[in-house]
Amino acid sequence: MSDQPSLVEMRNIRVAFGGVHAVDDVTVDLRRGEVVGLVGGNGAGKSTLMRVLSGAHPADSGEILIDGKPVVIANPRDAKNLGIETIYQTLALADNIDAPGNMFLGRELLTRDGSLDDAAMESATRNVMQRLNPNFKNFKTAVGWLSGGQRQAVAIARAIHFNARILIMDEPTAALGPAETAQVRGLIQQLKAEGIGIFLISHDIHDVFDLADRISVMLHGRLVGTVDKTAVTTDEVLAMIIMGKQPEQVTQSDLAELHS
Ligand SMILES: Nc1ncnc2c1ncn2[C@@H]1O[C@H](COP(=O)(O)OP(=O)(O)OP(=O)(O)O)[C@@H](O)[C@H]1O
Ligand SMILES: [Mg+2]
């Protein structure tokens, strides 16, 4: 443990939709180079909590601190300015454009005479990709033709080229096969090594155990708890997700029920 403030702290966040407490007094944090798995059943409030951090939805109350300082995140632009980027499941890529074109979509590099600087954009894309995924070679292929794992790499490259320090990944491997999932796991390890913090939403408990350092469990809008991955078993996390129990409260009959 260090005295450094967390990269992100979300304190006592609440979001209600009409009578539904989608996020109910939730406190989570994320450190540099850390992956925090955010897990819970359908409707637990995971995406809503992360939409607050990405500026897509305002919290009704609560506080957000970045590097220990309170910040206001009123819209996606505020979040991006703070280095917070979201990798959406749909990836938000333009399928008919190549990787460099997607990296710089809406933020194109221009030559001095004002035309597109394709060479500079390709070279910048190669540089980022070299760090992330050295096997990536398809710089001139429309991304619609790339594999799911490669598309994920393009989306992540775009985020980190524009100085993301905090990544939100909502189900990054949900639509991928085993080989591509392995590729995305490699990407996440690389991002961690660079000190980027990642909130990883996943329904796949094995993904979470592979990738996360800590696991925050939500149920019905509330935080059940946050645990160190090395201190719990998958069964204990399942009991948190399904029964809302703390690991030390889980009994033999709970475990039997989980497996029935
Ligand atoms: N825009 C909205 N309007 C009304 N209710 C919403 C809205 N977004 C989410 N909710 C409700 O808030 C609760 C939490 O939803 P949320 O999408 O955050 O859950 P989740 O944990 O991401 O679930 P899933 O695993 O299914 O993606 C649910 O009851 C959902 O129906
Ligand atoms: Mg969701």
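Readers should treat all values here as calculations from the given coordinates under stated rules, not as data from a laboratory. For clarity, every value in this text was computed on a predicted model and none was experimentally measured. For neighbour counting, all protein chains shown are included, and Cβ atoms are generated from backbone atoms with ideal geometry for every residue, glycine included.
May I ask for log10 I(q)/I(0) of the chain at q = 0.07, 0.09, 0.10, 0.15 Å⁻¹, from a Debye sum over the Cα atoms as equal point scatterers with solvent left out? Values, matching the q order: -0.26, -0.43, -0.53, -1.09.
Considering only 161, 255, 110, the residue lying farthest towards the positive end of the dipole of the chain is 110, judged by Cα position with unit charges set on Cβ. Would you mind checking 80/245; 80/192; 46/192; 46/229 for any pair whose Cα atoms are more than 26 angstrom apart? Where the Cα-Cα span goes over 26 Å, the pairs concerned are 80/245.
In terms of the mean number of neighbouring beta-carbon atoms within 10 Å, the peptides 204-217, 8-21 order highest first as 204-217, 8-21. Among 224-234, 104-114, sorting by the average number of other beta carbon atoms lying within 10 angstrom of each residue, highest first, gives 224-234, 104-114. When DSSP beta bridges are restricted to pairs lying wholly in the chain, around 60% turn out antiparallel. Taking the charge dipole of the chain about its Cα centre, with +1 at Lys and Arg Cβ atoms and -1 at Asp and Glu Cβ atoms, the residue from 97, 202, 230 reaching farthest to the positive side is 97. If you fit an axis through the alpha-carbon atoms of helix 178-193 and take the longest principal axis of the Cα set of the chain, what angle between them do you get, 0 to 90°, nearest 10? Roughly 90 degrees between the two axes. Let me check I've understood the local charge: for residue 108, count other residues with C-beta under 11 angstrom from its C-beta, Lys and Arg +1, Asp and Glu -1. What total comes out? Spelling it out: positives minus negatives among the neighbours equals -1.
On the principal axes of its alpha carbon atoms, region 183-260 extends 42, 23, 20 Å, with the longest extent given first. The helix-based estimate of mean residue ellipticity at 222 nm for the chain, built from -39,500 (n - 2.57) per DSSP H run of four or more residues and divided by its residue count, is -10000 deg cm²/dmol to the nearest 500.
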